[in-house]
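Report on one structure; see the data block that follows.
The values are calculated or read from the model by the stated rules, or taken from the named source; none is laboratory data. These figures come from a predicted structure and were not determined experimentally. Neighbour counts run over all protein chains shown; Cβ positions are idealised from the backbone, glycine included.
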Amino acid sequence: MRHCSQLAITMIAHDDARLLDSTDMLEWFESTISLTGRPAAFLDRDGVLNEHIANGYVLEPGDFRWLAGARETVLRLQQAGYAIIIITNQSCINRGLLEPQMFGSIMSDMVAAFAAIGVVCAGWVCCPHRPDEGCLCRKPGSAMLERASAMTGIAATCSVLFGDSPSDIEAARRFGVRGIAVERNSPRAFAAAVDHVVGRAV
Ligand SMILES: [Mg+2]
Ligand SMILES: [Zn+2]
């Protein structure tokens, strides 16, 4: 079992109903599994699972390049009891560079690639906004985490977030879960971070 007693969990009271209003977020949740009370591993996408493209975006399926071994690392998180939920900023959508439908297709491919090795992706949430739109969901905002939690019933306590940007870690802090910084585009760093979390550090 994981040991989470040492974690400083700060639960934040959210009175703002807008935080749970998903009308501006893109999302998908696997409906056939119950996540109630389970901890989640919230994963940033670009730079953790697939190659973060410097000064660019994943705009078509061919732009989505898995980092070597990243899926297997996620499998280890699942085997340790974490529900797998992807949390991603994609301002390219509201910049007009990527249609939501194409984004959804790329994510469907991602979910299928996970499934091929036995990883059940429990869901994903995406902020499509540009920074200047001032939304609540774009990381470092925590509204995507709020939404995922509300939709799945996962327990924030003992949940973790892996990300390669300071905004990921700040979103985790605001939501009240442990944020773990992972070196960008380094599947080895991701694997080491997961080893540490699941208690199999070598
Ligand atoms: Mg990233
Ligand atoms: Zn947003």
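Some observations on this one:
- Pairs where the first residue, in segment 86-106, is without any contact (Cβ under 8 Å) to a residue 40 or more places away in the chain and closer than 21 Å to Ser142 by Cα and the second is assigned to a loop (DSSP other than H, G, I, E, B) and more than 15 Å from ligand 2 (Cβ to nearest atom), C-beta under 7 Å, 6+ apart: Cys92/Tyr57; Cys92/Leu59
- Residues of segment 163-187 classified as closer than 11 Å to Phe42 by Cα and not in a helix (DSSP H, G or I), total: 5
- Of all the listed residues (Ile93, Ile106), the sole one being β-branched (Val, Ile, Thr), more than 16 Å from ligand 2 (Cβ to nearest atom) and more than 28 Å from Val197 (Cα to Cα) is Ile106.
- Failed item, numbered, when Leu97 is tested on (1) away from ligand 1 (no atom under 16 Å from the Cβ); (2) surrounded by 14 or more Cβ atoms within 10 Å (Cβ to Cβ): (2)
- When segment 43-69 is limited to residues that are more than 16 Å from ligand 2 (Cβ to nearest atom) and closer than 19 Å to Pro140 by Cβ, the one that is surrounded by the most Cβ atoms within 10 Å (Cβ to Cβ) turns out to be Val48.
- If you check Ser105, Ser91 for being touching a helix residue (DSSP H, G or I) at 6+ places or on another chain (Cβ under 8 Å), polar (S, T, N, Q) and within 16 Å of ligand 1 (Cβ to nearest atom), only one passes: Ser91.
- Residue within segment 167-177 that is in contact with an Asp or Glu (Cβ under 7 Å, 6 or more places away or on another chain) and surrounded by fewer than 23 Cβ atoms within 10 Å (Cβ to Cβ) present: no
- Checking Glu27 against (1) at pLDDT below 95; (2) in a strand (DSSP E or B), the condition it does not meet: (1)
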